[in-house]
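Heads up, the thing below is written out as structure tokens.
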Amino acid sequence: MRADPGEREAATGIARLEGYLLWQAELGNARTEGESFAAGLTWLTEEQRADVAARYAEERVRLARRVLTGVADRCRTLDGEYTARYRQLRQRLLCVTLCALLACAALAVAALAVASGDAVHRSGTARGGYSGPHLPEVSRPSGGEAS
């Protein structure tokens, strides 16, 4: 079942909104962690702590971007692999189904041929036609011999 273009567009919009919100949360977490890290450096001035917090957050964001880009690339690769595999499996299933149908059809034709052959054979013998091999009668000895 396939979604119509309106549903696909809505799903795409929702996915983008979700991605935006997740990225904003990541940026907020990076800033919070940077500030927390810098707060432990009590010997620095406020300006230096703010600078350390900003640099920490920038590095954290770069790392998150690299990780997410790698994950997205791997997802695209897997999607391509799974799509190809699914197509291959679907073709195999179609071939197996067709072979099974052909085998069933062949068995049905063979059964009909055997059934019609038996009917022809029976109808031929009822009319006095060929009834199979004739064996000679075996004669028994007559007389007083007892067995």
Subset of region 28-41 (residues that are surrounded by 14 or more Cβ atoms within 10 Å (Cβ to Cβ) and within 18 Å of L68 (Cβ to Cβ)): N29, A30, R31, E33
In region 79-99, is there at least one residue being at pLDDT 95 or above and closer than 30 Å to N29 by Cβ? yes
Taking the condition open to solvent by less than 70 Å² (accessible area, probe 1.4 Å), more than 22 Å from Y20 (Cα to Cα) and either among the basic types (K, R) or not in a helix (DSSP H, G or I) (or both), does L44 pass? yes
One residue is enough: does region 105-115 have a residue meeting the conditions open to solvent by less than 60 Å² (accessible area, probe 1.4 Å), touching a residue at least 24 places away in the same chain (Cβ under 8 Å) and not acidic (D, E)? no
Quick check on region 33-54. Is at least one of its residues in contact with a helix residue (DSSP H, G or I) (Cβ under 7 Å, 6 or more places away or on another chain) and of a type in the set (K, R)? yes
Cβ-Cβ under 7 Å pairs, at least 6 apart or on other chains, region 11-31 side at positive phi, far side not hydrophobic (A, V, I, L, M, F, W, C): none
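The values are calculated or read from the model by the stated rules, or taken from the named source; none is laboratory data. Remember, it's a predicted structure, so these values are computed and weren't measured experimentally. Note: ideal-geometry Cβ built from the backbone for every residue, glycine included; neighbour counts use all protein chains shown. Heads up: the accessible areas ignore ligands, DNA and RNA and are worked out on the full protein's heavy atoms, side chains in. Shrake-Rupley method; radii C 1.70, N 1.55, O 1.52, S 1.80 Å.
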